[in-house]
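Notes for the one structure printed next.
Just so it is clear, none of the values below were taken in a lab; they were calculated from the coordinates. Quick caveat, the model's predicted, so the values are computed rather than measured. Cβ sites come from the backbone with ideal geometry, for glycine too, and all protein chains shown count toward neighbours.
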Amino acid sequence: MTNYKELLKNINTFVFDYDGVLTDGSIITLDDGEAYRTTNVKDGYALQLARKKGYRIVVISGAKADCMVHRLKALQISDIFLGIENKVETFKMYLEKNAIDASHVLFMGDDIPDYELMLASGLSSCPSDAAEEIKKVARYISHFPGGKGCVRDVIEQVLKVQGKWMNDDAYHW
C-alpha cells in the first residue's frame, strides 16, 4: 500500500465534512432554536491559503445552518453542499462536473455518514476524535481533533510536500 505522504503530491482538491471536522461537533442551541457552531481560526487561515494557491475547497455536509454558510462564505469558499443525504452521489457529480480524478482528492470526515465517501476519495483522512469505524478506513488520522486544527494539519502537509507552504507572499492578508 502506498504511503499516504506519497499521495499528498497529487492532491489538488480538498473536500471536508463540516460538523466534527471544521467544528468540534458541539452545537449550542439557543431558546429560539438557533444553533451555533464554533470553528478554528487556524483551520480558516489554511483554507484561505489553499484557495489562494489554486486548490479547490469543497464542503459536503448532511447538516445545514445559516451560520455554516456565513463562515464558509467569509472564507470565500463557494463549493458548498449542505443538507446532503447522499454524500457520495454529490461527490461524484462534483468530480464529473469539474473533471477531477478522485485520486487527486483529499477528503476528511469524522463519522458514519462519511464512511462511503472515505472509500471513494483518493486520500481519506479524519480528525483524531473521529468514530472508530472512520479511523479504520482512514489513510491518515490527524493528531488534532475536529475543530481544533485537523483541517490546518492536512492542508499544511499537502502544501509542504508540494513546495507551496511559506514560499511567497500568499500568506500575507
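Return the residue satisfying two criteria in turn: it lies in the range 90-107 and is touching a Gly at 6+ places or on another chain (Cβ under 9 Å) and in contact (Cβ under 8 Å) with a residue 40 or more places away in the chain, and of such residues it is nearest to G62 (Cα to Cα). Steps first, please.
To start, the set of residues in the range 90-107 that are touching a Gly at 6+ places or on another chain (Cβ under 9 Å) comprises 101-107.
Narrowing the set further to residues that are in contact (Cβ under 8 Å) with a residue 40 or more places away in the chain leaves 103-107.
Values: S103: 23, H104: 23, V105: 19, L106: 18, F107: 15 Å.
Restricting to residues being touching a Gly at 6+ places or on another chain (Cβ under 9 Å) and in contact (Cβ under 8 Å) with a residue 40 or more places away in the chain, the top hit is F107.
Only one of the numbered conditions (1) surrounded by 17 or more Cβ atoms within 10 Å (Cβ to Cβ); (2) closer than 22 Å to Y36 by Cα is violated by E85, and that is (1).
Identify, please: which residue in the range 36-57 is part of a loop (DSSP other than H, G, I, E, B) and in contact with a helix residue (DSSP H, G or I) (Cβ under 7 Å, 6 or more places away or on another chain) and is, among those, farthest from K73 (Cα to Cα)? I'd like the intermediate steps shown before the answer.
The initial filter retains those residues of the range 36-57 that are part of a loop (DSSP other than H, G, I, E, B), namely 37-38, 40, 53-55.
This time we only want the ones that are in contact with a helix residue (DSSP H, G or I) (Cβ under 7 Å, 6 or more places away or on another chain), so: 37, 53.
On the way: R37: 15, K53: 17 Å.
Filtering the range 36-57 for residues that are part of a loop (DSSP other than H, G, I, E, B) and in contact with a helix residue (DSSP H, G or I) (Cβ under 7 Å, 6 or more places away or on another chain), the one farthest from K73 (Cα to Cα) comes out as K53.
Pairs linking a residue in the range 53-65 that is without any contact (Cβ under 8 Å) to a residue 40 or more places away in the chain to a residue that is surrounded by fewer than 22 Cβ atoms within 10 Å (Cβ to Cβ) and outside any loop (DSSP other than H, G, I, E, B), with Cβ atoms under 9 Å and 6 or more positions apart or on different chains, are A65/A35; A65/Y36.
From A99, A63, grab the single residue that is out of contact with any helix residue (DSSP H, G or I) (no Cβ under 9 Å at 6 or more places or on another chain), part of a loop (DSSP other than H, G, I, E, B) and closer than 13 Å to Y18 by Cβ. Don't jump to the end; show me each part of the working.
On the way: A99 fails: closer than 13 Å to Y18 by Cβ.
Only one candidate passes the filter, namely A63.
Within the range 55-79, count every residue that is aliphatic (A, V, I, L, M) and surrounded by fewer than 17 Cβ atoms within 10 Å (Cβ to Cβ). Total satisfying the criteria: 2.
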